[in-house]
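The values are calculated or read from the model by the stated rules, or taken from the named source; none is laboratory data. What you are looking at is a predicted structure, and each value in this text was computed from that prediction instead of being measured. Here the Cβ is made from the backbone with ideal geometry for all residues, glycine too, and neighbour counts use every protein chain on show.
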């Protein structure tokens, strides 16, 4: 129970809030995609995008399904720790989106010849948004004890991100100052 409510209902409400966030982000991404394409933006690796959509959609469904069907318990200290991690991930995600501005999308679209962004979280990390996603895919299910979902989707996301990061970095190396800006950074 959380504030007199079944914790599964509260958790489902949290998942619906995440769904609403993602829908807003998709709308922002779509607007940015149009802006980038009007300026010569080029998409790479479009073939993996449907897999990303499937992964993220099935992830949110699996979170709810495991909690409801397997009656996973809410452990308050763990839930609070995971909420803190989700808060950190959300701040990192929106810091990244704000820093990239119109260059942020959910697809891999780059502007040939444009310099890479090296401000904001990019001062510290090459791919801050992907770190935020990794944290979310772990913390959101663990918040309510959905360990199986956390394990399976963390692994699936790692495989997909490996492909995505390679595509993105290859394109940036060929068409921007990526190597000069990030060559020495792990």
Need pairs with beta-carbon distance below 6 Å; first residue in contact (Cβ under 8 Å) with a residue 24 or more places away in the chain and at positive phi and within region 103-129, second part of a helix (DSSP H, G or I) and buried (at least 17 other Cβ atoms within 10 Å of the Cβ); sequence gap 6+ or separate chains. 120/99
State which residue is nearest to residue 140 (Cα to Cα) when the search covers only region 32-57 and only residues that are touching a helix residue (DSSP H, G or I) at 6+ places or on another chain (Cβ under 8 Å) and assigned to a helix (DSSP H, G or I). 56
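This table checks each residue for (1) more than 17 Å from the chain's Cα centre (by Cα); (2) modelled with pLDDT under 95; (3) more than 22 Å from residue 130 (Cβ to Cβ); (4) in a loop (DSSP other than H, G, I, E, B).
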residue: 24; (1), (2), (3), (4): no, no, no, no
residue: 27; (1), (2), (3), (4): no, no, no, no
residue: 67; (1), (2), (3), (4): yes, no, yes, no
residue: 72; (1), (2), (3), (4): yes, no, yes, yes
residue: 87; (1), (2), (3), (4): no, no, no, no
residue: 96; (1), (2), (3), (4): no, no, no, no
residue: 99; (1), (2), (3), (4): no, no, no, no
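Being closer than 30 Å to residue 176 by Cα, at pLDDT 95 or above and within 16 Å of the chain's Cα centre (by Cα): is that true of residue 33 here?
On the way: closer than 30 Å to residue 176 by Cα: yes; at pLDDT 95 or above: yes; within 16 Å of the chain's Cα centre (by Cα): no.
Considered against the rule, which asks whether it is closer than 30 Å to residue 176 by Cα, at pLDDT 95 or above and within 16 Å of the chain's Cα centre (by Cα), residue 33 comes out as no.
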Name the helices (runs of 4 or more DSSP H) wholly within region 119-186 that hold at least 1 residues that are farther than 19 Å from residue 59 by Cα and out of contact with any helix residue (DSSP H, G or I) (no Cβ under 7 Å at 6 or more places or on another chain)? 147-175, 178-182
